[in-house]
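S.K.: A single structure is presented below for examination.
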Amino acid sequence: MTIQVFGHKSPDTDSTGSPIIWAWYLSEVKGTPAAPKLLGEPNTEAAFVLEKWNLDKPEIISGVEAGAPVVIVDTNNPAELPAAINDADIQAIIDHHKLVGGLETKGPIDITVRPLACTATIMYDLMGDAAAQMPEAIKGAALSCILSDTLEFRSPTTTEHDRNVAEKLATDLGIDMAAYAAEMFKAKSDVSAFSDAELIRMDSKEYEVDGTKFRVSVLETTAPEIPLNRKDSLMESFKTVAAEDGVDEVLLFVVDIIREEATLLVPNDLVKGVAEKSFGATVSGDTVVLPGIMSRKKQIIPSLKV
């Protein structure tokens, strides 16, 4: 059977590109038939990357059949995967997030979880000498994943190894990283066509803090004024999204890639308390700027307090 390779729901560039990269490696290098899949519509940056490198958009699936062979990338969190994921035949996990627990496998599997900024960097390492065989489009996908996850090396998750791999890929491709990253971030910032609910869910993860369930949403942009001009309607939509998704509250951080800061929308006293206890902020209105906050994984999630 063909192995399905997929990342998390609400796929960003890494969760769109990494399944393509690893499915190529399994199929073309290892001789094991594999196909990339998505668990939702890719965000605007990921869609730009697919078009830029002439890559087919992977099929969007809503679930997996019992016993179906799968490889999970860019997550190990069951909440971000199909509901019946433990009924599938999970064959490998490749990830760069903390272990959450809850996944069950049919037997021993290959698990690679490394403290790097991007899943594609890990895949590059796992391929070894075979990485040189990657066609231009696959190298382009890998470079895009690294630039996206590191915010062009601005994110505190960035390691020197991520940078070195990106520079090697850019050299191979003959591409100006700064110019290309600017194109990617421009595409990511074009969110005018999305509804408030779609924006809130576009890049979000569920996380529980002392019994309070949050949907922690991040909008990384070079044009923060676009979502912030919609803050009133966005905050009104928090209630609907929270009710539909079974969480207590939405936390929406608008990350300004250029200024290297995040603006948290503050619709009520609960979120005001979170901002003050988690980040030492002083909140006087319905938004608060958090200087230096760029990474949900490294700075936001570990700091959350209620």
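S.K.: For the stretch 3-187, how many pairs of lysine residues have a Cα-Cα distance under 18 Å, where the two are 8 or more positions apart or belong to different chains?
M.R.: 9
S.K.: Continuing with this model, one more query. Taking the Cα centre of the chain as the origin and placing charges on Cβ (Lys, Arg +1; Asp, Glu -1), which of Leu103, Val64, Leu81 is farthest toward the positive end of the dipole?
M.R.: Farthest towards the positive pole: Leu103.
S.K.: Under a crude label model (7 Å from the Cα following the beta-carbon direction), how far is Leu99 from Lys168 in nanometres?
M.R.: The answer from the label model is 2.8 nm.
S.K.: Taking 0.36 nm per intervening residue step and subtracting the Cα-Cα distance, what contour gain separates Ala84 from Val306 on full extension?
M.R.: So the chain would gain 76.8 nm between Ala84 and Val306.
S.K.: Can you compute the equivalent ellipsoid semi-axes for the stretch 196-303, i.e. the square root of 5 times each eigenvalue of the Cα gyration tensor, sorted largest first and rounded to whole Å?
M.R.: Ellipsoid semi-axes (Å, largest first): 18, 16, 14.
S.K.: Would you mind computing Rg(Cα) / (2.2 N^0.38 Å) for the stretch 2-83, counting N as its residues?
M.R.: So the stretch 2-83 has a normalised radius of gyration of 1.02.
S.K.: Give me the dipole magnitude in Debye, nearest 20, for the stretch 3-187 about the Cα centre, with unit charges on the beta carbon: positive for Lys and Arg, negative for Asp and Glu.
M.R.: Once rounded to the nearest 20, the dipole reads 120 debye.
S.K.: Using alpha-carbon pairs under 8 Å, 6+ residues apart, how would you state the relative contact order of the chain in percent?
M.R.: Relative contact order comes out at 13 percent.
S.K.: Quote the convex hull volume per residue of the stretch 97-231, based on C-alpha atoms, as a whole number of Å³.
M.R.: Hull volume over Cα atoms, normalised by residue count, gives 166 Å³.
S.K.: May I pose another question? For the stretch 221-253 and the stretch 59-129, what is the centre-to-centre distance using only Cα atoms, to the nearest Å?
M.R.: 29 Å
S.K.: Let me ask something else about it. Evaluate the distance, in nm, between pseudo-label points positioned 7 Å from the Cα of Lys239 and of Ala66 along their respective Cα→Cβ axes.
M.R.: So the two model labels end up 4.2 nm from each other.
S.K.: Using a basic spin-label model with each label point 7 Å from the Cα along Cα→Cβ, how many nm lie between Ser192 and Asp129?
M.R.: Going by the 7 Å Cα→Cβ label model, 5.2 nm.
S.K.: Averaging over all projection directions, find the projected area of the Cα convex hull of the stretch 3-187 and quote it in nm² with one decimal place.
M.R.: 9.6 nm²
S.K.: What order do you get for Asp210, Asp256 when you list them from fewest to most C-beta neighbours inside 10 Å?
M.R.: Listed from fewest to most nearby Cβ atoms, that is Asp210, Asp256.
S.K.: Can you tell me the relative contact order of the stretch 196-303? Whole percent, Cα pairs under 8 Å, sequence separation 6 or more.
M.R.: With pairs under 8 Å counted, the relative contact order is 23 percent.
Every read-out reported here was derived from the displayed coordinates using simple, explicitly stated rules and does not represent laboratory data. This one's a predicted model, so the numbers in the text were calculated from it and none came from an experiment. So basically every Cβ, Gly included, is an ideal-geometry build from the backbone, and we count neighbours across all protein chains shown.
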